Every structure is written in C-alpha cells, then in structure tokens.
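Step one of this worksheet: look at the structure below.
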Amino acid sequence: MTDATTLSAALTDVRHAYRVVADYQRRCLDMLILIGQQFPETRFYNWKTSNGTAATPPARVDPRTFWGWNFLPLHQISLLLVQNGGGGSFPAVGDWLVEVRIITDSGFDIPDTRIEPNTADFTSVEASESMMSIMIFKCAEQVPDGHNWFHHVWGGASWPADIADPDDDGLVYLEDGSLVSCQMDVPLEQMTSKEAVKEFCSRAKRLFSAKLNIEFEGTVAR
C-alpha cells in the first residue's frame, strides 16, 4: 500500500508534469501554425497520431474503455497539408502533400499493438530524442480512381527515413510506388525561436524544390 505522504508527493509531481506538458503542447501547436504559414500554397487536410494508437476518444465514447496512452495524442503527431490548387483528397499526377511530424519521445516501443505500452520498458529519456520532420510526398504516377491521400496514397507510404539514408545535406529521398518523397529531420531543441523554425523550413523547401521539381512560393525549383 502507498501511504498518504508518498501519494501526496507523487501527486505533486503529477501536477508539475501536467503543467509542463500543457506548455509543451501549446508550443508544439504554435510551431505547427508557424510551419503551415511557411507553406502558404497549402491548406489543412488531416492529422493523425503515429505512435500506434488512436487519438483522444470523442465525447460520445466511454473513455474508460481506452488506454491511458490514447490521451497523449501530441506524443507523436502528423499534420497533413494539401496544396490549394491540387486535387484535394484525391491526388492527380504532380500533386503533393506536406507532412509535419513531431516525435516527442523516440524511446517509445509498442511491440504488440494489442497491449498498452509500459513506459518502464522504453529507452531511457536520456538516450532518447525529440525530433521534428517535414516531408513532401508527390504523385509521380496516376493512382487508381477513388484512392485518396489519407487512406490509400499517403496512408500506404513509407516514411523516407525508414527506408533510405540522408545525403550530405540531411535530405532523404525515396521512390516508392507511385510516389516520390523527401524528408528533413531536426532535433526539437534546435527550434528555439520563430526565426529558427522559419530557417529550417526555408532550407527544407529549397532542397525539396530542387529534388522534386516543386515551385513553392518564394522558392524556384532548379
């Protein structure tokens, strides 16, 4: 049994942790807003957790039937943006999609998605990382009629860095079925200011533009 003094101290830590997480998540959302502004030719399309679980359940669903892990949606999140002038949900050849992914803790491990993760089994926090990635997925070939970005095209694609190695500029390029894609990663601790975020986006856009022949606003493809 836990005595009252021990539990009181633990709950004090929990209150501290919740406040830190709230501030962190606000910072993540602000950063995602700023990154979206660096791609003015796009609009919001969808978002998804990518840590092996669904997002926070809606109000009509009994939360007691979910894992505690389901209430940490910003632990690992992907924000998807589609180009304003493209085919929207149903891409045509030449259409592209931006994914911005935040990995809060690279040390998580879900070996069996039927079992709730146990943080005691994770890599130590000191040996883990917090990262952000910006990726572009471009349709190089026609996809079947009725196939949309979320469920079929992007949804069936690999993250470039999971398959290929970065070049000297840190750019990862991948040809995968009907898609060509690029990925740039950066440690979150380097995103110390708005200027740092903008600089990373600008560098990524220049490299994406040259590799994928995409003309972003303010960037000329070479």
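Values quoted throughout were computed directly from the atomic coordinates according to the rules given, and no laboratory measurement underlies them. Since the model is a prediction, treat every value here as computed from it, not as a measurement. Virtual Cβ from ideal backbone geometry, glycine too; neighbours counted across all protein chains shown.
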Those GluC sites (Glu not before Pro) in the range 79-179 that DSSP places in a loop and that have at most 13 other beta carbons within 10 Å
GLU141
Find, among the chymotrypsin sites (Phe, Trp or Tyr not before Pro) in the range 21-85, those assigned to loop by DSSP (not H, G, I, E, B) with at most 16 other beta-carbon atoms within 10 angstrom.
PHE66, TRP67
Extension gain THR123-PHE150, at 0.36 nm per residue separation less the Cα-Cα distance, in nm?
6.7 nm
Scoring only Lys, Arg, Asp and Glu (+1, +1, -1, -1) among other residues with Cβ under 12 Å from the Cβ of ARG19 yields 0
Describe numerically, in nm with one decimal, the distance between label points set 7 Å from Cα along Cα→Cβ at SER158 and at THR5.
5.6
Net charge near VAL143: determine it from the other residues with C-beta under 14 Å of the C-beta of VAL143, scoring Lys and Arg +1 and Asp and Glu -1.
-3
How much length would be gained if the chain were fully extended between ALA196 and ASP112, taking 0.36 nm per residue of separation minus their Cα-Cα distance, in nm to one decimal?
26.5 nm
Based solely on its DSSP helices, what 222 nm [θ] is calculated for the chain when runs of n ≥ 4 H residues each add -39,500 (n - 2.57) and the sum is averaged over all residues, nearest 500 deg cm²/dmol?
-9000 deg cm²/dmol
The list [x] 7, 28, 34, 20, 7, 3, 0; [y] 8, 31, 33, 19, 8, 2, 0; [z] 7, 26, 24, 17, 10, 7, 5, 3, 1 gives values of P(r) over Cα pairs in 10 Å bins from 0, in percent, and only one came from this structure; which label was calculated from it?
[x]
Summing Lys, Arg as +1 and Asp, Glu as -1, what charge do residues with Cβ under 11 Å from the Cβ of LEU188 carry, LEU188 excluded?
-3
